[in-house]
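Single-structure report; data block below.
The values are calculated or read from the model by the stated rules, or taken from the named source; none is laboratory data. Here the structure is a predicted model, which is why all the values come from computation and not from measurement. All Cβ positions, even for glycine, are placed from backbone atoms using ideal geometry, and neighbour counts span all protein chains on display. In case anyone asks, the SASA skips ligands and DNA or RNA and just uses the protein heavy atoms, side chains included. Shrake-Rupley method; radii C 1.70, N 1.55, O 1.52, S 1.80 Å.
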Amino acid sequence: MTDMADLPIWAALLVAFLVLLGAVLTLIGAVGLLRLRSFYERVHAPTLGTTFGAGGILVASMIFFSMLETRPVLHEVLISVFITVTTPVTLMLLARAALYRDRAEGAECLPVRHEVGPANAGPDPSQGD
Amino acid sequence: MMRSVLPYPLLALSLLVMWILLNGLSVGQLLLGGVVAVAASAVMAQLKPAKPRLRNWRAVMRLALILPVDIFRSNMAVSRQILAGTGGRKISGFVAIPLALRDRTGLAILACIITSTPGTAWVEYDSNRNTLLLHVLDLGSEDWIKLIKTRYEQPLMEIFG
């Protein structure tokens, strides 16, 4: 690997800041996973890590290696694209599994279930289709 | 002629860009990536997927500009809420959103947007009623139905028609 001292000071500071930002956001997401109460609340916490948490670290990596190799290194863009495209799949799988379980158990916190047909979905008047 | 060689130009272009990003830019890689892109999109054509048509590039641009800002703002909001602990408890809950968007690609992109905005999670989509069940971490006083519909669904409808 190339000598790290080659990095100009402004780039080093920027990279350090972005890595720290990404790491802190991911850590907060992990803390949220412990702290939040219900399953549906906890599902929100890791998205911090998959958006700006990962984003900060990836941008820092792009700047770092682009500066060292004096050519644009951009394949981190692919990582962020794949993360963005794949997280909804897992999230929906988890959320629907939880919803299925809670409905089977008749949990109270759930919204009114939409039966097939002209079922009433709630107080919102714009709901009718 | 163009149709038969490149049935899915956007797909072929994305594959070529991906190839270049992975292998670096050079004439050889450009040629090799081009061959891979054309061959792979020809295989894809055999599956006959629905062809998404981007109708409005300005709406794409507008959406691409507001998204990072929204994602950043909700990152901050969710972080604050987690760090506030039990003192700053907010009310979370489900919101049912009646959608007008029916295009599959549009819905997929809406799912990516909603998932990658911390604080909102896509829970269930009912294709019969075309309603989306959303879980929101901080319900607040926001009108979530209006927010999702005007901020994200409207531009997606303009893009995919």
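Of the residues making up region A:34-57, those that are open to solvent by less than 30 Å² (accessible area, probe 1.4 Å) and more than 13 Å from residue B:92 (Cβ to Cβ) are A:47, A:48, A:49, A:51, A:53, A:54, A:55, A:56. Restricting attention to region B:81-111, the residues being closer than 21 Å to residue A:48 by Cα, modelled with pLDDT under 90, open to solvent by less than 50 Å² (accessible area, probe 1.4 Å) and not β-branched (Val, Ile, Thr) number 6.
A residue that is out of contact with any Phe, Trp or Tyr (no Cβ under 6 Å at 6 or more places or on another chain), within 10 Å of chain B (Cβ to nearest Cβ), among the hydroxyl-bearing types (Ser, Thr, Tyr) and surrounded by fewer than 22 Cβ atoms within 10 Å (Cβ to Cβ) cannot be found anywhere in region A:58-65. Within region B:22-43, the only residue that satisfies the criterion of being within 30 Å of residue B:101 (Cα to Cα) and open to solvent by 70 Å² or more (accessible area, probe 1.4 Å) is B:43.
No other residue among B:110, B:65 is assigned to a helix (DSSP H, G or I), under 14 Å from the mean Cα position of the chain (by Cα) and in contact (Cβ under 8 Å) with a residue 24 or more places away in the chain apart from B:110. Can you confirm whether region B:9-21 contains a residue that is within 26 Å of residue A:45 (Cα to Cα), in contact (Cβ under 8 Å) with a residue 40 or more places away in the chain and open to solvent by 60 Å² or more (accessible area, probe 1.4 Å)? For region B:9-21, residues within 26 Å of residue A:45 (Cα to Cα), in contact (Cβ under 8 Å) with a residue 40 or more places away in the chain and open to solvent by 60 Å² or more (accessible area, probe 1.4 Å): absent. Can you tell me which residue is nearest to residue A:29 (Cα to Cα) among those in region B:114-133 that are aliphatic (A, V, I, L, M) and facing another protein chain (nearest Cβ under 7 Å)? Ranking the candidates gives B:121 first.
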